[in-house]
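Reading through the structure tokens given below for one structure.
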Amino acid sequence: MSEKIGMVKIFDTTLRDGEQSPGASMQREEKLQVARQLARLNVDVIEAGFPVASPDDFEAVWEIASDVGNLPDSPVICALARSVEKDILEAARSVENARSPRIHTFIATSPIHMAKKLKMGPEEVLRAIGRSVSLARKKVSDVEFSAEDAFRSDRTFLAQAVRAAIEAGAGTINIPDTVGYAVPEGVKDLFSFLIETVPGAKGVVFSCHCHDDLGLSVANSLAALEAGARQVECTVNGIGERAGNAAMEEVVMALRVRKSWFNLDTRIRSEEFYRTSRLVSSVTGMVVQPNKAIVGENAFAHESGIHQDGLLKDKDTYEILAPEKVGVSGGRLVLGKHSGRHALKDRLDQMGYPLDAEELDRVFARFKKLADQKKELYEEDLEVLLSEEESQAKDRFVLKRLHVSGGTEIPPTATVVMERDGVEHRMAGLGDGPVDAIYRTVSKMTGADARLVSYSVKAITGGTDALGEVTVRLEENGLLAIGQGADTDILVASAKAYLAALNRLERKKNKAGRLSAETPDQVQDARIQGSP
């Protein structure tokens, strides 16, 4: 194998084939937003749409060509067109403002498509290829031709179609697996045959466009590259017609992680993958499945105790690529019934609860019991477990009474009566809203310097008299504390949750102080690394 790394072009069709996913239609402004992110991702080609399909689609392609198509080092902006004059002229007009415009024209070459859909004979199809590619070539210098349903086509006729496109001026030849029918060895065989036997094939770029009907789109795309293709047509998150297209992030990271095998790479800035994935999911409404490779929520999550122990010793034991390489902040150890003591201790240390061996044994026993009842345990669950360790400690702050007033013309005012170290105190204060008034007043009364990181409320019973539960998360100097409060009055529940978090924060600070006096190096372990 040559030492020189070959480069593969990434042709993104999220905005065209991806948008054809049922329910995934995007508005013009959303398409432009995604196109800008694709440019940041550094794709080589953006297939911006099918201009003749609708006036809105034309406008979207035109705006992307005018905006993204004129960025420094802008990607090629491509418009799709059938092999008919009207389509090609509209496509040419839609990309005329791009620095690097491309027209992508296609026609079916399989017997079933020609007979049933096109109602054309082979010779008619060959003539249409020549006419359409020649016309497109007069409008732009960069023309791509696709033989729709190539893998169910007669290979001799397919070779004739490819030759006709090359002779008419196409610089890129796409061999699409339109219906997801192909298998990797068949893909290799067909690409090798065309590249080796069609006159002029060595002077053009061969491209693959694989659908995932049999779950083979990524494998087929990689097989095409092994056979000599140098462009992959793919989508973010693998969205597209029916079962979708080859997922860009999977193709790119397969090449990057197994570079020594493929001897190929791309220009993609893989650190943008996670952000791009979430953007496309947001604008299309298509949720990314948790176990989706590379960008799924569980892609870097580990629950097995054996796996977790290995990861904590050396990440390379169970992670073949660093999460940061695809824009994920770090791997996630899922705490569940398969987790071990090492993973639990690591999570508690991150939360600011460095336990000694005896404390850890007690908490781990309760953890295992709870884990048998829940699929996954979150930090809030661990806080509840730890509260049993704290149950003997007296709360420093205790709510006695609360009165809140406000309205459309009255500033929200909270009057709080609470005990601090056993002594009752009373204070009133204003806020931007009733909860804000409560929290500002309590902060003054307790002298707390904690930052409110999050506030959430949910009903835990039904009806107008529902019992509400409030959860707050506070942070002070790197220490995190979670507090929960429940009451039929959501304002009372908010006050209880805030004071519960403050009391836990006090206990954490006291414990950190004791550890500092005994073993200074452990204090850093009690701090939160980065933002929550």
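The values are calculated or read from the model by the stated rules, or taken from the named source; none is laboratory data. From a predicted model like this one, the values you see are computed outputs, not experimental measurements. Counting neighbours? That spans all protein chains shown, and the Cβs are built from the backbone with ideal geometry, glycine included.
Filter segment 326-352 down to the residues that are out of contact with any Asp or Glu (no Cβ under 8 Å at 6 or more places or on another chain) and at pLDDT 65 or above and list them by number. The answer is 328, 341, 344, 345, 346, 348. Among helices (runs of 4 or more DSSP H) entirely within segment 421-532, having at least 2 residues that are at pLDDT 80 or above and of a type in the set (Ser, Thr, Tyr) singles out 434-446, 490-518. Taken residue by residue, segment 237-257 has no member that is in contact with a Pro (Cβ under 8 Å, 6 or more places away or on another chain), among the polar types (S, T, N, Q) and crowded, with 24+ Cβ neighbours inside 10 Å.
Taking segment 189-290 as the region of interest, none of the helices (runs of 4 or more DSSP H) fully inside it holds 3 or more residues being under 20 Å from residue 166 (Cα atoms). Could you figure out which of (1) assigned to a helix (DSSP H, G or I); (2) crowded, with 19+ Cβ neighbours inside 10 Å isn't true of residue 33? Answer for residue 33: the failing condition is (2). Comparison of 15, 38 shows that the only residue that is buried (at least 24 other Cβ atoms within 10 Å of the Cβ) and assigned to a helix (DSSP H, G or I) is 38.
Criterion first (of a type outside the set (A, V, I, L, M, F, W, C), modelled with pLDDT of 65 or more, over 31 Å from the mean Cα position of the chain (by Cα) and crowded, with 16+ Cβ neighbours inside 10 Å) does residue 396 satisfy it? Here the answer is yes, as residue 396 does meet what is asked. Restrict the check to segment 176-188 and report whether at least one residue is assigned to a helix (DSSP H, G or I), hydrophobic (A, V, I, L, M, F, W, C) and at pLDDT 95 or above. The answer is yes; a qualifying residue exists.
The set of residues from segment 63-79 being crowded, with 24+ Cβ neighbours inside 10 Å and not aliphatic (A, V, I, L, M) comprises 69, 75, 78.
The set of residues in segment 1-55 that are closer than 27 Å to residue 255 by Cα and basic (Lys, Arg) comprises 4, 9, 16, 36, 40.
Of the residues making up segment 97-132, just one is more than 21 Å from residue 48 (Cβ to Cβ) and in a strand (DSSP E or B), namely 108. Would you say residue 48 is part of a helix (DSSP H, G or I) and of a type in the set (A, V, I, L, M, F, W, C)? Considered against the rule, which asks whether it is part of a helix (DSSP H, G or I) and of a type in the set (A, V, I, L, M, F, W, C), residue 48 comes out as no.
If the condition is being out of contact with any Pro (no Cβ under 7 Å at 6 or more places or on another chain) and in contact (Cβ under 8 Å) with a residue 60 or more places away in the chain, then segment 39-67 contributes 40, 41, 42, 47.
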